[in-house]
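Heads up, the thing below is written out as structure tokens.
All of the numbers you see were taken from the coordinates with simple rules; none came from a lab. Because the structure is predicted, anything quoted here is derived from the model rather than measured. As a convention, Cβ positions derive from the backbone with ideal geometry for all residues, glycine included, and neighbour counts pool all protein chains shown.
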Amino acid sequence: MFTKHRSALAGLILLLLPAVGLPQTWNHEIGKLSLPKTPQRVVALNWAATEALLLLGVTPVGVADKAGYGTWVQEPTLPKTVTNVGTRVAPSLEAIAQLKPDLIVTSSEMAPAAEMLQKIAPTYVVSVYKQGSRPYDKAREMLITLGQMLNRESRAESVLADIEQTLEQQRKRLRQAGVTDKPVALVNFLDDRHVRVYTPNGLYQTTLEHLGLANAWQQPGNYWGFSAVGLEAVAETPRSRIVVIEPLIPGLAKNLEHSPFWTYLPPVQNREIYRIPAVWPFGGVYPVKRLATALADALIEGGSNHVR
């Protein structure tokens, strides 16, 4: 009788084990990560990871390059209370350890330090920007995986649904305005003769595709999704609209007024120059939404023949 009851009890325990929660395991770029419980204190060592955590409603206890995030990424807003743990290329292990994290999120650039990071806390290594990858797909994957780890899967799904809805809304606006007929060149000025032009393998391409816009620059770039070229190279896309992304270097507008490299570009002569606020091109999923709205607003408002 005792043996019979003991067997029944053992069977009941086995049935209940999944309900009380076994450690979950995820594969990542340098191995596997197991979490016995939902992390509460998370450190992010790149801005794409910082963005993802904030989108999930999780405020990291520490981030790398905190000041730079506020300048370049801006949204979602990073609370002032978050601790800076050094730079993205050389974070302080001591500062990270002092925060007593139960999860660290980093990318393959920090892979050599991963072993030391793992001694501090479980470390998830994921790279949005890597040779051969599509940034938006990787950023989406990172958001979903972090949502699983942090018990915020529904929040991740809501974020992605909101982005898809925004893309569709802006696509309809552009189509109704009749401004999807020409390719778009997205550029940042490096100086008054050189630009960083965004290529089809970058994050911005996702926005262009969903808005029904063609990328005027079809040549491949580096795995970050851009190429640095002279203005004369932009002249090879005469039927394009040029969208200039902030920030602008001091004195740029004045210098361009007297630049033959600029003034003779067909988009300049056709008054098809547009300017939009800074949108971080090396982030996660959120810049895709921000760029869609800014780009639609600018194209519908109309262009000019100078960077005003």
query = Tally Lys/Arg at +1 and Asp/Glu at -1 over every other residue whose Cβ is under 12 Å from the Cβ of residue 159; what's the total?
reply = -1
request  = Please list, or write none, the aspartates and glutamates whose alpha carbon is within less than 13 Å of the alpha carbon of residue 119, excluding same-chain residues fewer than 8 places away.
outcome  = 94, 102
message = Show me the trypsin sites (Lys or Arg not before Pro) within the range 146-214 that DSSP assigns to loop and that have at most 16 other Cβ atoms within 10 Å of their Cβ.
response = 193
Inter-site label distance for residue 113 and residue 269 at 7 Å from Cα along Cβ, in nm = 5.2
Rg/Rg_globular for the range 173-301, with Rg_globular taken as 2.2 N^0.38 Å and Rg from C-alpha atoms = 0.98
query = If the label point is 7 Å along Cα→Cβ of residue 83, which residues in the range 106-128 have backbone nitrogen under 15 Å from it?
reply = 120-121
note = Here the gain from full extension of residue 154 to residue 74, 0.36 nm per residue of separation minus their alpha-carbon distance, amounts to 26.4 nm
request  = Using the number of other C-beta atoms within 10 angstrom as an exposure proxy, rank 50, 71, 38, 123 with the fewest first.
outcome  = 71, 38, 123, 50
inquiry  = Need one word for the range 21-151: rounded, prolate or oblate. Basis is the Cα gyration tensor (sqrt eigenvalues a ≥ b ≥ c); a/c below 1.5 gives rounded, then a/b vs b/c decides.
reply    = rounded
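Which ordering of 106, 59, 206 is given by a fewest-first count of other beta-carbon atoms within 10 Å?
Numbers: 106 26, 59 14, 206 22.
In increasing order of surrounding Cβ atoms, one gets 59, 206, 106.
Only Lys, Arg, Asp and Glu count, each charged at its Cβ (+1, +1, -1, -1), so figure out the dipole size of the range 21-151 about its Cα centre, rounded to 20 debye.
The calculated dipole for the range 21-151 is roughly 160 debye.
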message = With bins 5 Å wide starting at 0, give me the P(r) of the range 131-215 over every alpha carbon pair, in whole percents.
response = 3, 13, 16, 17, 18, 15, 10, 6, 2, 0
Globularity ratio of the chain, using Cα Rg and 2.2 N^0.38 Å = 1.21
query = What is the set of long-range amide H partners of residue 184 at a cut-off below 5 Å, with H atoms built 1.01 Å from backbone N?
reply = 214, 215, 216, 241
inquiry  = For a quick check: with amide H placed at 1.01 Å from N, whose amide H comes under 5 Å from residue 103's, ignoring anything fewer than 5 positions away on the same chain?
reply    = 41, 43
query = What is the distance, in nm, between label points placed 7 Å from the Cα along the Cα-to-Cβ direction at residue 308 and at residue 131?
reply = 4.6
